[in-house]
Amino acid sequence: MFKSHWIFLLSALFLTCCQQENNNCIPNTHPVSYPSTDSLAQKLNWPKDLDINVFSGPDLTPSPACMAVAATGEVYVGVDMIGSLGKEMGKGSIERLVDCNHDGIMDTHTQFAVLDDPRGILPLGDQVFVLHTRFSPETKKAENMDLVVLDDKNRDGIADGPPMVLIENISNSKYLQERGTDHATNGIQMGIDGWIYIAVGDFGFHNATDREGTKLTQLGGGIVRVRPDGTEMEVYNHGMRNIYDVAIDPFMNIFTRGNTNDGGGWNVRFTHQIQSAEYGYPMLFKNFTDEIIPALIDVGGGSGTGALYMDDPRWPEKYNHVPLMSDWGRNLLYTHRVKDTGASFTQNEEEFIQLPQITDVDIDAAGAMYLSSWDGAGYSGSPEKGYVVRVVPKNFEYTPFHNVKEAKDKQLMEALGSLSAKARLSAQYELLQRPNDNTAQEVLKMAEDRQLPIEVRIASLFTYAQMSGKDGIDNLVQLSNDPKLQEFALRALSDREEWVKHVPLDPFLKGTKSPSDWVKAAAIIGMGRLGKPEAINTLLQIGVPSSFKAPEMGTEGPHATPNSDIVLPHLAVKALVRLNAVDACVNALGTENRDLALWALRYMHDPTAVYGLIAAYKNTGDNLNSVEGGVSTLKNKNASEFKNKIMNTLARIYHMEAPYDTSWWWSTRPDTHGPYYKAIDWAATPTIRSFMMEEWKKADRSERKSYAEMNSKYRLGIDAFGTVDIKPPKEDIPVVDLEKIKNEKGQVGKSSIEDVMLALDQIKGDPKKGEELFKKQGCVACHNINKGEVMKGPFMGQIGSIMNRHQIAESILKPNASISQGFSTVQIHTKNGEDYMGFVTEESANDLTVRDISGTATPLKKSDIESRKELETSMMPSGLANSLSYEEFASLVTYLKQQK
């Protein structure tokens, strides 16, 4: 305990003893007047034990899409007056705000750089990393998104020159141009392992290219990571919808809070992000839930944005050591209190700080936290909305953190020993810019020191691993013998593909026998990364739990319920696939490891896998306990069940996913049937088809039912098998005369929108009457309230968690002012000369459904469409509330506000 306090005192000393007086500081004594801190404090239920004040207003930081804070306290705000749906270039910048005397009032500011659509910012030392949209100067259209780095060597608050590109084309150029950045690539954070982690939305990307020339393509969202010099880019995990940011704790656990797909079953969810894992959006999460890692909780509607793991000793314990998650839709910063279970967590969500349309959160190394607010800037940004607030505990004494560029190595090591995560990361990054064998040995000693806090030891371990490279392998192996560091040493040993060939397998084999599931997970992931075939047999011995069950036909699996038991076998399957363990998995079909082998074979599109599965099926008799033909003894009392599993595995690999070129996208409410989004045949499809047909012909009537189920579940398209009819929800299509409704005049129709809003503030309204008006005024023609109904236009079942009363009212009164994302009016012209206008309410790789203003749905083949154009105006006509009195309108708004 004494040693822990000693290290913290040393790091505190680093904060003060080297701090040179800032002779250029000219304090500003005038707080921001708009919005005023007092007016916000009166409206928002801020915690009483925190001091919150407005730090900047829309005059300097309008439409703040993202924000980050340097260790030394400079605040970098990503101004984005293009917003998520705008398309006009020249409206973005990075603004740098400085509070030179640290009294909570901004003193100076500079425009650090001009960059469009900033979506992620990461300041480290004299560098600032930015994820943003690149526009063509010639066409004025979005070309793609890049991760770049800008230098400020002279520390004047202005980037020294043009940015250096680290990754180019890490999004979807076609849909950036057609839609904007609403499902694009977003926030960036650095872990203490030295990687930059990138939150990728479900636009995905095609031929993203790092500085080494490595190219990656990804269908859908997830996390990508890259070294800070723009090398070694790799996919970290996959299967998320539209995550905006990541929170990384000192133990390299990563958390996200995602976005809802508007009534399609994937609500806002808090997720523990594990390396190599699959999370299933949109193809697997409903019908193939056994193949994914589920989220920790489904929280309903909203819109997750910026994230931070709070790890600072100056904050009260109740706010510390916890993921903080912004929710733009709910106007709240949340804490998610996580508790270890197995190799994952359970969680408890709590409201923390209210802020209108909060976009980001970050903290400096001295403990001052900042939040950014979009504040109603709309889907295309506004020069009149948006601000930043500063948050500190009551009676907080600010001790400035010294600029690491001026620090000596010894002082940097003291900062590495801080109990502040931001201080540790800042010190580590600077140490890595100064290669020094002696310093590396001193850092190793810190990792070995069992009296130091575990967070400091882990930071030291990862710092040493990066400083020493392959020369430090032997010492990392020694550290893996320490139970406290074993997980992290294994992770560091397998972290860099450029030197894993020098890493021995034995520490990882030992790790799989650890009593800790966290160590086992690190060992399993590491064995996949080492690429050593000798690990395959150990991986195949990972047990498959009873919870590994596919949902029944027509039911939705538990995709947002924690299931720590599934983590280790899931990771083992991913490792086996990475190792291309086809032969070993086929050979394991006759052993007690057959369940894991069958699971892994679902992703092995290799003729050897197909022939092996067919052979195992043929050599399994209905009443035998052995597999003949040279395959080892099968200890299975129910051979027919095993044969059914084999047949389902063959059906699973009957198709494969089409290569993704970003010429198409699955929309905001995609087809969730699975297991592929755009399925195509591959070399072994005819072999599988022939075998399945042969077996189907032998089957009796009762047995053929399973073939119909497989045909439906896997979309095989084999007509002879038939399909299983799953009744869709009954659709009630009301007859609505919208023209008549909008031409009737009541109080609302005779009043200005301002008067209506004032009345809304005074009248509570009756939600029961509002429910009746929802039907009477024609809302039901285009909107749903319940998830079980046939999806129409924008889903209203969660609108109350996304919009406040004024915003709901404005969308009714001025439908063109705020078109719901994903529900622009579409004009379609078919090849045979037919025209359709409406919402695209369902879309798969080959088909779509367009629903017109009367609620009539028309299915169309995409191959029959000649042109498809999104219109700038809403299909919803103005005036649908004209006939209502103030009290009736307030009732309708109140009813909608209750939908969460």
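The values are calculated or read from the model by the stated rules, or taken from the named source; none is laboratory data. If you're wondering where the values come from, they're calculated on a predicted model, not measured in any experiment. Don't worry about glycine lacking a Cβ; one is built from the backbone with ideal geometry, like all the others, and counts go over all protein chains shown.
Mind checking whether some residue in region 70-83 is in a strand (DSSP E or B), farther than 24 Å from Asp152 by Cα and out of contact with any Cys (no Cβ under 8 Å at 6 or more places or on another chain)?
The answer is no; no qualifying residue exists.
So if I check each of Gly531, Gly526, which one is under 27 Å from the mean Cα position of the chain (by Cα), closer than 26 Å to Gln478 by Cβ and modelled with pLDDT of 95 or more?
Step by step, each of Gly531, Gly526 is checked, and only Gly526 is under 27 Å from the mean Cα position of the chain (by Cα), closer than 26 Å to Gln478 by Cβ and modelled with pLDDT of 95 or more.
With the requirement that a residue be crowded, with 24+ Cβ neighbours inside 10 Å, aliphatic (A, V, I, L, M) and over 29 Å from Met527 (Cβ atoms), what does region 266-298 give you?
Within region 266-298, just Val268 meets the criteria.
Among the strands (runs of 3 or more DSSP E) confined wholly to region 346-415, which include 3 or more residues that are in contact with a Pro (Cβ under 7 Å, 6 or more places away or on another chain)? Give the derivation first.
Working: elements: 358-363, 369-373, 387-393.
The strands (runs of 3 or more DSSP E) meeting that bar are 387-393.
Checking Tyr398 against (1) within 29 Å of the chain's Cα centre (by Cα); (2) at pLDDT below 95; (3) hydroxyl-bearing (Ser, Thr, Tyr), which test does it fail?
Condition not satisfied by Tyr398: (1).
Run down Ser418, Ser326 and say which single residue is at pLDDT 95 or above, part of a strand (DSSP E or B) and buried (at least 22 other Cβ atoms within 10 Å of the Cβ). So that I can check it myself, show each step before the final result.
Numbers: Ser418 fails: part of a strand (DSSP E or B).
Result: Ser326 is the single residue among Ser418, Ser326 that is at pLDDT 95 or above, part of a strand (DSSP E or B) and buried (at least 22 other Cβ atoms within 10 Å of the Cβ).
Would a scan of region 141-155 turn up a residue that is part of a loop (DSSP other than H, G, I, E, B), under 22 Å from the mean Cα position of the chain (by Cα) and closer than 25 Å to Ser372 by Cα? Working first, answer last.
First, the residues of region 141-155 that are part of a loop (DSSP other than H, G, I, E, B): 141, 152-155.
If we keep only those that are under 22 Å from the mean Cα position of the chain (by Cα) too, we end up with none.
Scanning region 141-155, I find no residue that is part of a loop (DSSP other than H, G, I, E, B), under 22 Å from the mean Cα position of the chain (by Cα) and closer than 25 Å to Ser372 by Cα, so the answer is no.
Within region 688-700, is even one residue over 30 Å from Asn259 (Cα atoms) and part of a loop (DSSP other than H, G, I, E, B)?
yes
Could you check region 217-247 and list, in sequence order, the residues that are within 10 Å of the chain's Cα centre (by Cα) and either within 18 Å of Asp661 (Cα to Cα) or among the charged types (D, E, K, R) (or both)?
Residues satisfying the conditions are Gly221, Gly222, His238, Gly239, Arg241, Asp245.
Evaluate region 454-472: report whether one residue or more is surrounded by fewer than 24 Cβ atoms within 10 Å (Cβ to Cβ), of a type in the set (A, V, I, L, M, F, W, C), under 18 Å from Ala421 (Cβ atoms) and over 32 Å from the mean Cα position of the chain (by Cα).
No, every residue in region 454-472 fails to be surrounded by fewer than 24 Cβ atoms within 10 Å (Cβ to Cβ), of a type in the set (A, V, I, L, M, F, W, C), under 18 Å from Ala421 (Cβ atoms) and over 32 Å from the mean Cα position of the chain (by Cα).
From Trp599, Trp518, which residue is farther than 24 Å from Phe288 by Cβ, in contact (Cβ under 8 Å) with a residue 24 or more places away in the chain and not charged (D, E, K, R)?
Numbers: Trp599 fails: farther than 24 Å from Phe288 by Cβ.
Only one candidate passes the filter, namely Trp518.
Can you say whether Leu122 is on the phi < 0 side of the Ramachandran plot and either part of a loop (DSSP other than H, G, I, E, B) or free of Cβ contacts under 8 Å to residues at least 60 places away in the same chain (or both), as far as the supplied structure shows?
For Leu122, the condition - on the phi < 0 side of the Ramachandran plot and either part of a loop (DSSP other than H, G, I, E, B) or free of Cβ contacts under 8 Å to residues at least 60 places away in the same chain (or both) - is not met.
Taking Pro137 as meeting all but one of (1) out of contact with any Phe, Trp or Tyr (no Cβ under 8 Å at 6 or more places or on another chain); (2) free of Cβ contacts under 8 Å to residues at least 40 places away in the same chain; (3) closer than 19 Å to Val224 by Cβ, write down the number of the exception.
Every condition holds for Pro137 apart from (3).
Please go through region 448-470 and pick out each residue that is outside any loop (DSSP other than H, G, I, E, B) and among the hydrophobic types (A, V, I, L, M, F, W, C).
Hits for region 448-470 are Ile454, Val456, Ile458, Ala459, Leu461, Phe462, Ala465, Met467.
Can you tell me which residue among Gly161, Gly213 is over 23 Å from the mean Cα position of the chain (by Cα) and more than 24 Å from Val114 (Cα to Cα)?
Step by step, each of Gly161, Gly213 is checked, and only Gly213 is over 23 Å from the mean Cα position of the chain (by Cα) and more than 24 Å from Val114 (Cα to Cα).
List the strands (runs of 3 or more DSSP E) inside region 253-300, counting only whole elements, that have at least 1 residues being modelled with pLDDT under 95 and at positive phi.
Passing ranges, in order: 297-300.
Being hydroxyl-bearing (Ser, Thr, Tyr) and assigned to a strand (DSSP E or B) is the filter here, so list the residues in region 834-865 that pass it.
Tyr836, Thr841, Thr849, Thr858, listed by residue number.
Condition first: surrounded by 15 or more Cβ atoms within 10 Å (Cβ to Cβ) and either charged (D, E, K, R) or part of a helix (DSSP H, G or I) (or both). Can you find one or more residues in region 539-546 that meet it?
Yes - at least one qualifying residue is present in region 539-546.
Read through the list (1) in contact with a Ser or Thr (Cβ under 7 Å, 6 or more places away or on another chain); (2) surrounded by fewer than 20 Cβ atoms within 10 Å (Cβ to Cβ); (3) at pLDDT 95 or above, then give the number of the only condition that Glu95 fails.
Evaluating Glu95 over (1) in contact with a Ser or Thr (Cβ under 7 Å, 6 or more places away or on another chain); (2) surrounded by fewer than 20 Cβ atoms within 10 Å (Cβ to Cβ); (3) at pLDDT 95 or above leaves (2) as the failure.
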